[in-house]
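Step one of this worksheet: look at the structure below.
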Amino acid sequence: MRFFKHLLTSFLIVSCFVSNAQNKTVLSIQTDKPIADIQPTMWGIFFEDINMGADGGIYAELVKNRSFEFIKPLMGWKLDQQPFKEGAITVLAKQGVNLPNPRFLQIKLNNATKGNLSITNEGFRGMGIKNGLAYDFSLQYRQPKTGVKLHIELINAAKEIIGSTILIPTETGAEWHKQAIRFNATATALKAQLRIWFEGSGTIDLDMISLFPTDTWKNRPGGMRADMIQLLADMKPGFIRFPGGCIVEGFDLANRYQWKKTIGPIEERELKINRWNIEFAHRPTPDYFQTFGLGFFEYFQLAEDIGAEPLPILSCGMACQFNSAELAPLDQIDPFVQDALDLIEFANGKISTKWGKVRNDIGHPAPFNLKMLGVGNENWGPQYIERLAVFQKAIKDKYPQIKIVNSSGTDPDGARFDSLNLALRKMNADFIDEHYYRKPEWFLQNANRYDNYPRNGSKIFAGEYAAQSDKTVSVNNKNTWLTALSEAAFMTGLERNAAVVQMASYAPLFAHIDAWQWSPDLIWVNNLQSYGTTDYYVQKLFATNKGNKELSITQNNAVVSGQDSLFAAASIDEATQELIVKLVNVSSAKKSIIISLNGLKSFASIGKVLQLQNDNLQQTNSFEQPFLISPKESAIEIGTKNINCSIAPYSFSIIRVKILAKK
Ligand code: AHR
């Protein structure tokens, strides 16, 4: 922070020097000579199942460990018997080789009445229950004969019943059956639990015990949490990268993300430990597993729903190099490569193809129109380049139009980055994925990072970035106005270099307030609410105000990248015929600015300003004040040749003006 103050002071000194007689900063926009296309993909989102982003997050399942496949099979469950009877509840496994979901619960009853025997699920740090909302309870069961009745209850923290129903399994025999029932909640609770009392006599086997709210995204049964997805849709992201992140690589190769195991009936999707379960000793999350209730089909569907290009990232045959760093030998890499080729066929293939048919059978005959694919997440070293070369050849031979996203490692500088950058450019890599988790000062100092990048050859995907108020992986990191403002300044530099930077995404995306491993994050949630951080509103403003043609905006013929504490970018949106100007003021002083409009365009006399501002750089949004720092709209007068504006201290402003016609 001391350094940031110093940096601001030096900007202020520059400010006095460059300002004109009226103490106004003059910026010039050449309005009729676009300098680059801004890609529709420019601002996107990065999704990973970290911080309970998927299970316990966007995946709206409320029951934790629904199929008893966690390492401890009864984790998340509490068994209650009055009086206790040995052997009344047991965990058994279905017989067979490599079954994806072998375990189940067996209940034996002898004249049980309600109050004798129950199982209770605690949910993911409780279950968020809403008064009046309908919930879908379901399970799989088998029983030799009928005779068992299930009393389903939602209970709040005070142990009061806030919703109940009765389910009587009707089918008998050796086969598994599914039965479901819908019931309403009678009160709201942030941390409810699900209790099932058993009544009657007999033996019943249970599996896939599930509870979903009915108000899911697009009301899809077994779907996603609508409030969280709405926040994503509101950003109008150009792409969605999934499923990560380090989760792609896995702690070891056995635990890597394998997309083929994440499609089809959910009871056949093999659960895996989440690598964030064990990653940080200071943030242990022993109950964090991946059920894959959300799998690749659902992620493609989500991309389609929110109008984002899908960007799947696959294992390159290297496990996380922070963990085991296990390598698939180069001569055994084919199955990994085949996974990539099959994924392209799954997404784009005709329904007459093997994997196109799988997509069709799931219910999506139309292709997903996949255009790009990531090979490896944060992988590095000659081992990565060797493996990448095999993927590149196979993918380009069969699908030359597919763009490949390639890793430049963990850091945006240093020997590792330099050697990867060199090697990738030699390979004519389509996209180089750069990651920067850095202090706010770094973001200010690096807003001109891409000004001198080569215009030809590989394009940049700023795949993971977030300003760290403390330091990377520190639990003290916060989403402050300072982090967001410094990102906004940096992002003007990305947009000013749209010829080079074609995609960018903040990371990580979601965090559950009671179950996070990594901070800061774009969106914070509890079991009932979600809110966008200061950083979220910066991302959203950029994404919803990007335009499609970059214009030059200069101060004394130089790009506006920190002089006078200002950062700027300008563009035109040809679809709406608007000029869009972005201005970031990182100083504590108000700025008087004249924007000189040069070129053959004329403009409406009134424009619109969208502004994020706060005088306190440490300010954060919160569950209590989710919109404390969020865009405020106002009008601005536009002159025939210029815009006179006063830019508030510590602010990010966007001016939108209608283009009327040529002068
Ligand atoms: O975003 C959190 C992690 O940061 C990602 O999983 C990884 O790619 C990076 O190190």
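No value in this document is a laboratory result; all are computed from the given coordinates. Since we're looking at a predicted model, the values are computed, not measured. We place every Cβ from the backbone using ideal geometry, glycine too, and count neighbours over all the protein chains shown.
Some notes on this structure:
- Per-residue ellipticity at 222 nm from helix content only, as computed over the chain with -39500 (n - 2.57) for each DSSP H run of at least four residues, stands at -5500 deg cm²/dmol.
- Residues whose amide H falls under 5 Å from that of Ser592, counting only those 5 or more places apart or on a different chain, are Thr25, Ile647, with hydrogens built in the peptide plane.
- Couplings 3J(HN,Hα) of region 505-515, computed from phi: 8, 6, 8, x, 8, 10, 8, 8, 4, 9, 8 Hz, in residue order, whole Hz [Karplus 6.51 cos²θ - 1.76 cosθ + 1.60, θ = phi - 60°; x for Gly and Pro].
- Charge context of Ser201, other residues only, Cβ under 15 angstrom, K/R +1, D/E -1: +4
- About its Cα centre, the dipole of region 77-213 is roughly 120 debye, where the only charges are +1 on Lys and Arg Cβ and -1 on Asp and Glu Cβ.
- Average Cα contact separation per residue, the chain, under 8 Å, 6 or more apart, as relative contact order %: 16 percent
- Here the chain is treated with +1 on each Lys and Arg Cβ and -1 on each Asp and Glu Cβ, and its dipole about the Cα centre works out to around 1040 debye.
- Local electrostatic count, Ala466, Cβ distance below 9 Å [Lys/Arg +1, Asp/Glu -1]: -3
- Applying the Karplus relation 6.51 cos²θ - 1.76 cosθ + 1.60 with θ = phi - 60° to region 323-328 yields 3J(HN,Hα) values of 10, 6, 6, 5, 10, 7 Hz, where x marks Gly and Pro.
- Cβ-based charge dipole, the chain, positive-most Cα from Met75, Leu206, Val584: Val584
- On a per residue basis, the convex hull of the C-alpha atoms belonging to the chain measures out at 164 Å³.
- Taking a straight line from the alpha carbon of Lys108, these lysines sit under 28 Å away, with near neighbours fewer than eight places off in the same chain left out: Lys64, Lys72, Lys78, Lys85, Lys94, Lys145, Lys149, Lys159, Lys178.
- Note that region 246-259 has calculated 3J(HN,Hα) couplings of 4, 4, 4, 6, x, 4, 9, 5, 4, 9, 5, 7, 10, 4 Hz, one per residue in order, obtained from phi through the Karplus relation 6.51 cos²θ - 1.76 cosθ + 1.60 (θ = phi - 60°); glycine and proline are x.
- Cβ-defined net charge surrounding Gly264, 13 Å radius [Lys, Arg +1; Asp, Glu -1]: 0
- Residues Met491, Met228, arranged from fewest to most other Cβ atoms within 10 angstrom of their Cβ, appear as Met228, Met491.
- Working from Cα pairs under 8 Å separated by at least six residues, relative contact order for region 77-213 is 36 percent.
- In the chain, the DSSP beta bridges split such that about 75 percent are antiparallel, to the nearest 5.
- Highest mean packing first, where packing is the average number of other Cβ atoms within 10 Å per residue, the peptides 244-256, 310-322 line up as 310-322, 244-256.
- Under 15 Å from the Cα of Lys591 - aspartates and glutamates, other chains or at least 8 residues apart: Asp564, Asp615
- Spatially, region 503-529 and region 576-634 are offset by 25 Å when compared through their Cα centroids.
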